[in-house]
Amino acid sequence: MAKQEDIFKNVVSHAKEYGFIFPSSEVYDGLSAVYDYAQNGVELKKNIREYWWKSMVQMNDNIVGLDAAILMHPTTWKASGHVDAFNDPLIDNKDSKKRYRADVLVEDFAEKINQKAQKEIEKARARFGDAFNEEEFVTTNTRVVEYLSKYKEILSRLAKGMTDNLQDVKALIEELEIADPETGSKNWTDVKQFNLMFGTKLGASADSAMDLYLRPETAQGIFVNFLNVQKSGRMKVPFGIAQTGKAFRNEIVARQFIFRMREFEQMEMQFFVRPGEEMQWYHHWKETRLKWHLSLGLGKENYRFHDHEKLAHYANAAADIEFNFPFGFKELEGIHSRTDFDLKAHEQYSGRKLQYFDPELNENYVPYVVETSVGLDRMFLAVFATSLQEETLEDGSTRTVLKLPAVLAPTKAAVLPLVKKDGLPDIAKKIIDDLKWDFNVAYDEKDAVGRRYRRQDALGTPFCITVDHQTIEDETVTIRHRDTMKQDRVKISELRAIIEDEVSMKNWLMKM
Ligand code: ATP
């Protein structure tokens with residue numbers, strides 16, 4: 001099996017070679033942790049966004065959409081806590097001059113210990129087969145007990161240090177002898193806080209200009225519009241407001257491709273509920289969001305929940321849905337019970353009431369909020385990396401195939417005339433003219449048909465439709481399925497229904 005690192009490199013180069021993702025302003029050597037979505041990437045990204053939007057807004061009659069501006073009144077960020085507390089602990093290596101997030105260094109170190117335990121568990125599972133009792137094994141095998149307790153101890157000391165005293169985090173790094181991952185040096189500076197918001201200015205002259213921030217999350221645009229939406233939409237609690245849009249964070253450690261970017265897109269939904277009912281909704285949304293992810297068929301084993309022990313200042317419960325990225329399990333989505341923290345803070349800073357009159361209870365209150373927040377770019381990476389596969393065929397040759405969920409594929413079908421003459425291109429173009437009203441379809445006449453199939457496989461196109469000489473006689477074509485490579489002879493008039501059946505959002509979302 002290929003090494004994780006190689007798999008990841010392959011993902012990055014495939015994304016570039018096939019027109020999914022380019023480094024930003026590459027002619028100037030790029031801009032760190034900023035990326036552009038190319039002709040195929042933009043379609044895949046749009047389809048993921050739409051898949052989310054449909055499941056949220058269209059399928060729930062108590063959730064509506066919003067598109068708030070990126071620039072907001074600066075007091076917003078004071079109220080939300082971002083001015084004072086949106087910090088990452090950074091640490092510099094004095095020898096390499098490289099900068100790291102102190103918490104990430106410790107977490108990565110702890111994860112390695114956890115991986116050792118997991119390896120022992122897998123070995124034992126293979127040895128004992130069906131008779132294996134994992135629960136018993138992890139509590140009795142001395143090595144595993146030792147690894148797991150060390151793992152937990154490190155994480156709990158990290159959490160404590162992060163809240164109480166950053167110098168304890170530095171002490172932990174030194175005690176564990178954590179080295180600079182790139183150079184091996186253990187010569188560290190103190191841990192310092194670093195605010196992640198990008199500042200900008202509004203106004204023409206230097207003195208009158210107002211300091212603004214590029215929003216670091218889309219959620220606050222929802223909170224400040226809560227009452228506008230509730231009143232104008234006559235919404236009754238419980239109800240939700242969904243939004244997708246750009247967010248900006250001046251991330252310190254911005255490696256790992258589109259996993260951690262400085263400009264990225266979020267898909268967030270804030271669900272407003274009666275105080276006291278938030279836990280029930282929190283569990284509801286945890287489950288619903290996992291089902292949404294699973295409906296894409298990327299494999300149940302690739303997801304896990306991580307319940308937070310240390311909670312952010314605004315939350316009374318929080319969990320991540322983690323995904324098995326090419327570099328291990330990492331956060332894909334957060335589900336947070338945010339209490340009434342945000343609305344109350346905006347009431348306090350704005351002096352306006354942000355309350356709901358509940359006709360059933362006959363009382364006013366500030367609703368509690370359960371949030372679901374997923375990174376669109378992280379979703380893209382999860383889908384793209386998992387779908388990219390190298391297959392060995394029966395004849396010993398290999399093919400690279402991007403097995404994207406068909407509902408998300410940038411192009412649903414490619415129409416290929418077998419040869420560039422005898423009127424076959426005209427028939428192919430007629431088929432396209434008919435299908436393009438419903439699907440993104442492509443035309444390709446270059447190279448031998450086998451090579452064109454491979455190219456469409458690498459782009460993730462679920463169907464190739466080939467027009468040949470028999471088509472002239474009986475209006476049939478071959479349709480080739482990307483994953484099975486099976487080819488069927490079908491009538492041109494049947495194509496729409498065949499494609500629709502495989503790519504329709506309805507069929508995919510019904511799996512939720
Ligand atoms: P992390 O711990 O990985 O920095 P976070 O806990 O700060 O993430 P949230 O503030 O909960 O993230 O944001 C919600 C979602 O937005 C995350 O689950 C993730 O999918 C996405 N996200 C956050 N930061 C970035 C980033 N820099 N690049 C891409 N996506 C991001």
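The values are calculated or read from the model by the stated rules, or taken from the named source; none is laboratory data. Everything numeric in this text was worked out from a predicted model, so none of it was measured. Neighbour counts run over all protein chains shown; Cβ positions are idealised from the backbone, glycine included. Ligands, DNA and RNA are excluded from the accessible area calculation, which covers all protein heavy atoms including side chains. Shrake-Rupley method; radii C 1.70, N 1.55, O 1.52, S 1.80 Å.
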### Message
Criterion first (touching a helix residue (DSSP H, G or I) at 6+ places or on another chain (Cβ under 9 Å), open to solvent by 40 Å² or more (accessible area, probe 1.4 Å), over 22 Å from Leu44 (Cα atoms) and acidic (Asp, Glu)) does Asp395 satisfy it?
### Response
no
## Note on the structure
Cβ pairs under 8 Å, 6+ apart or interchain, first in the range 191-202 and among the hydroxyl-bearing types (Ser, Thr, Tyr), second surrounded by 12 or more Cβ atoms within 10 Å (Cβ to Cβ), ordered by first then second residue, are Thr200/Leu71; Thr200/Leu212; Thr200/Tyr213; Thr200/Leu214
## Note on the structure
Only one of Asp422, Asp468 is in contact with a His (Cβ under 7 Å, 6 or more places away or on another chain), not assigned by TED's automatic domain parsing to the domain that holds Met59 and not basic (Lys, Arg), namely Asp422
### Query
Give me the pairs: first residue in the range 229-246 and over 12 Å from Val64 (Cβ atoms) and aliphatic (A, V, I, L, M), second residue open to solvent by less than 20 Å² (accessible area, probe 1.4 Å) and modelled with pLDDT of 95 or more, beta-carbon distance under 7 Å, and six or more apart or on different chains, which are they?
Val237/Phe272; Val237/Val273; Val237/Tyr356; Val237/Asp358; Val237/Pro367
### Query
Got a number for residues in the range 353-405 being of a type in the set (A, V, I, L, M, F, W, C) and over 27 Å from Gln4 (Cβ atoms)?
6
### Residue list for the range 316-349, filter: small (Gly, Ala, Ser), out of contact with any Lys or Arg (no Cβ under 8 Å at 6 or more places or on another chain) and within 23 Å of Ala242 (Cβ to Cβ)
Ala317, Ala318, Gly334, Ser337, Ala345
### Selection within the range 353-375 - within 23 Å of Phe264 (Cα to Cα) and buried (at least 22 other Cβ atoms within 10 Å of the Cβ)
Val370, Glu371, Thr372, Val374, Gly375
### Message
Just to be sure I understand the filter: pairs with C-beta atoms under 9 Å, separated by 6 or more residues or on different chains, first member in the range 379-400 and part of a strand (DSSP E or B), second member within 16 Å of the ligand (Cβ to nearest atom) and modelled with pLDDT of 95 or more. Which pairs pass?
### Response
Leu388/Val11; Leu388/Ala15
### Query
If you check Glu371 against the conditions, is it within 16 Å of the ligand (Cβ to nearest atom), not aliphatic (A, V, I, L, M) and not in a helix (DSSP H, G or I)?
yes
### Task
Could you tell me whether Leu202 is within 16 Å of the ligand (Cβ to nearest atom) and open to solvent by 20 Å² or more (accessible area, probe 1.4 Å)?
no
### Task
Note down all Cβ pairs under 6 Å where the first residue falls in the range 70-85 and is within 11 Å of Tyr349 (Cα to Cα), the second is at pLDDT 95 or above and open to solvent by 50 Å² or more (accessible area, probe 1.4 Å), and they're at least six residues apart or on different chains.
Thr75/Tyr349; Trp77/Tyr213; Ala79/Tyr349
### Task
Would you check which residues across the range 146-184 are open to solvent by less than 90 Å² (accessible area, probe 1.4 Å) and more than 33 Å from the chain's Cα centre (by Cα) and list them?
Ala171
### Message
Can you tell me how many residues within the range 212-228 are crowded, with 18+ Cβ neighbours inside 10 Å and not in a loop (DSSP other than H, G, I, E, B)?
### Response
10
